[in-house]
Structures are given as C-alpha cells and as structure tokens.
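The next block holds one structure in the form of structure tokens; read it before the comments.
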Amino acid sequence: MAAKARNIEDIRHLLRDSGLRATPARIAVLNLLASASQPSSHLEISERLESRGIDKSTVFRALNDLTEVGLARRMELGDHVWRYEPTRANASDDETQQPHPHLLCIDCGTITCLSEKDISLRVAKSVGVIEDILLKGHCPACVAKKK
C-alpha cells in the first residue's frame, strides 16, 4: 500500500460524508493512517499523537469509529495486536481499497503491504469472501543481512 498524503480539508469531507464529525482526533488519526507505510497498531498511533495532546482512549475511540464507518480496516497478523490501515487513498476516491496481502517478516517484525504486482492470488468464489491474507517470511533487508 503506497501511502498518499491527504489534505486536511479532504479528510474533513471524508469524515463528514461517512457520517462522522470531523474532530481533531479523528482527523489526526486518519491522516496518520494515510501517511503510514504499513498498518499501525493502537500503541504506535497513540505514541505518535501523544505530543498533540491526544490520549490513548481518544485514539482507541477514533480507530473504532473509523473502522465502523469503513474508513479504516482492522487486522490481526498473528501476534494478537490489532493493526489499522486506511481503506481509501484519498477523499475523492469512490472505491474503497480491497483487502490486500501483507508480508510479516519473522526476523524483524516489519509488515509490508503487497500489491497485485508483488503477488498474484486467485480465490474461487465458492471459497467465500477473504478478509485478510498474511504471508510470513523474510523481508529484503533481513535476507540481505543473512548473505
């Protein structure tokens, strides 16, 4: 998932169009998610927003609100920690981004969002609806260290 910077006005419109008030905390959380290069945990988001005076419980409520209205996706990558990522690249998008696979490096813990260019998956419709695909392996940096 390539992170795209969001204009604050775009975020306000996106929140309002989704039925949420555009509070400073929701704006900050959604902006942080949009600029992140990988899914972020509640703790990571809270730590980044602490200097702005946004406490952990406010971040938690904002993440739940964003997830509930479909502006964020929540996933668990096998370590019992919920991580969040935005579902739209920007406020002008009509389509939400489809769930995509992630690579979890078993050496350093880095999470990489994978695109259709990185991996090709075909799932038969008879299987049902897939929400998350998690691949575990070694990131390029860790592979390079082992050589």
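What the table shows:
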| read-out | value |
| --- | --- |
| Within region 1-88, helices (runs of 4 or more DSSP H) holding 2 or more residues that are touching a strand residue (DSSP E or B) at 6+ places or on another chain (Cβ under 9 Å) and under 26 Å from L114 (Cβ atoms) | 24-35, 42-49, 56-68 |
| Pairs, first not assigned by TED's automatic domain parsing to the domain that holds L114 in region 65-82, second basic (K, R) and not in a strand (DSSP E or B), C-beta under 7 Å, six or more apart | D65/R26; L66/R26; L71/R88 |
| Single residue of L63, L30, L20 found to be surrounded by 13 or more Cβ atoms within 10 Å (Cβ to Cβ) and either touching an Asp or Glu at 6+ places or on another chain (Cβ under 9 Å) or more than 13 Å from P86 (Cα to Cα) (or both) | L20 |
| Filter result for D55 (in the same structural domain as L15 (by TED's automatic domain parsing) and farther than 19 Å from P24 by Cα) | no |
| Extreme residue, modelled with the highest pLDDT, among residues of region 80-115 that are crowded, with 17+ Cβ neighbours inside 10 Å, in contact with a helix residue (DSSP H, G or I) (Cβ under 8 Å, 6 or more places away or on another chain) and of a type in the set (D, E, K, R) | E85 |
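The values are calculated or read from the model by the stated rules, or taken from the named source; none is laboratory data. What you are looking at is a predicted structure, and each value in this text was computed from that prediction instead of being measured. With ideal geometry, Cβ positions are generated from the backbone for all residues, glycine too; neighbour counts draw on all protein chains shown.
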